[in-house]
Amino acid sequence: MMSSSPPAPPQQLQPGAGSFLTGYTRLCKGLAVILVLGFAFIKILPSAVDYLALIPSRTIPFAWNLFTAGYIEQTIPGVLLSTIGLLVFGKLLEPLWGSKEFLKFIIVVNLLTSVCIFVTAILLYYFTTQENYLYSPLSGFHGVLSGFLVGVKQILPDQELNFLKIKAKWIPSLVAVVSIAATFLTTEAMSYLPAILFGMYASWTYLRYFQKRPETGLKGDPSDEFSFSSFFPDFLRPVLDPIASVFHKIFCGRSRNQSAESRDQALDGSPLPGSDLIEAARRRERGARALEERLAAEKNIKVPDTTSQYNASDNV
């Protein structure tokens, strides 16, 4: 009896497509549920926006809206984008940072973004006397989403996105430029712009100076590849570097230098040269290696083992 040729294995899916709905942690799923429930809640009870969204004129008596505003989406596209973005970035960043640090990053960036928006709205009101800066309800998870882009820039700066043909280190800058340009085309984009820009800056400040590295006990990422000027074209860096160094010395320079000096000492009391830079490079290497291992594991899972099926058909 002639044996028919075995069917081709089902490999038509693009890399990563079969794993899009799998691999998410319980933390990311729980946060996604919070975003969806928050959207549903304000649709059922619209007056809740006045207490949960960031309304600068009501922040003084209702200070909790600095925290809750980041988790309240007011539109269907907003909740869809935020939920998908949280799951996708969470699957990449949480295994590298750990669940505790990933949650801490979200809380810190969300709160700092809301505080910056509140202060900016108050200042704009005093300069322009336009009351819409005080009474417009602002909310959404897009500040944290833009912060995730900065996290990807730090860990995988040279990872190229196939669909854009651009390295990950330039994605935050590209999103910032597009967001600014969109404000000239539609007034709705203006309500998202402060959260996007402040989210990026808050996440960079936290990752640059305050995120603790459990493997060394040190804080931050002092590498030149993650400096403030690295977000801008090369010709602007000579102008930006002196300005950034002033703020570095004012806010973080003294305490951070003392911490580094106390930890990076050899047995004879001499400092270990370049220890922070070496550790930053190692972190990026670990991130790239972890991403490659995860993609390889997902690819192996997607391709079923059809060898036994082929052997059985040949024996008929």
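The values are calculated or read from the model by the stated rules, or taken from the named source; none is laboratory data. Keep in mind that this is a model prediction, so the values were computed, not measured. FYI the Cβ positions are ideal-geometry reconstructions off the backbone, even for glycines, and counts take in every protein chain you see. Side chains included, ligands, DNA and RNA excluded: accessible areas come from the protein's heavy atoms. Shrake-Rupley method; radii C 1.70, N 1.55, O 1.52, S 1.80 Å.
Some notes on this structure:
- Take the conditions (1) of a type outside the set (S, T, N, Q); (2) modelled with pLDDT under 85; (3) farther than 21 Å from D158 by Cβ; A202 misses just one of them, which is (2).
- The helices (runs of 4 or more DSSP H) found wholly in the stretch 128-233 and carrying at least 3 residues that are farther than 16 Å from V109 by Cβ and open to solvent by less than 50 Å² (accessible area, probe 1.4 Å) occupy 171-182.
- I166 falls short on exactly one of the conditions (1) under 24 Å from L31 (Cα atoms); (2) in contact with a strand residue (DSSP E or B) (Cβ under 9 Å, 6 or more places away or on another chain), and that condition is (1).
- In the stretch 179-207, the residues that are touching a Ser or Thr at 6+ places or on another chain (Cβ under 9 Å) and either of a type in the set (F, W, Y) or without any contact (Cβ under 8 Å) to a residue 24 or more places away in the chain (or both): S179, A189, M190, Y192, L193, F198, Y201
- I106 being under 18 Å from the mean Cα position of the chain (by Cα) and either in contact (Cβ under 8 Å) with a residue 60 or more places away in the chain or crowded, with 18+ Cβ neighbours inside 10 Å (or both): yes
- Residue selected from the stretch 80-97 under the condition out of contact with any Cys (no Cβ under 8 Å at 6 or more places or on another chain) and open to solvent by less than 50 Å² (accessible area, probe 1.4 Å), by the criterion farthest from K153 (Cα to Cα): T83
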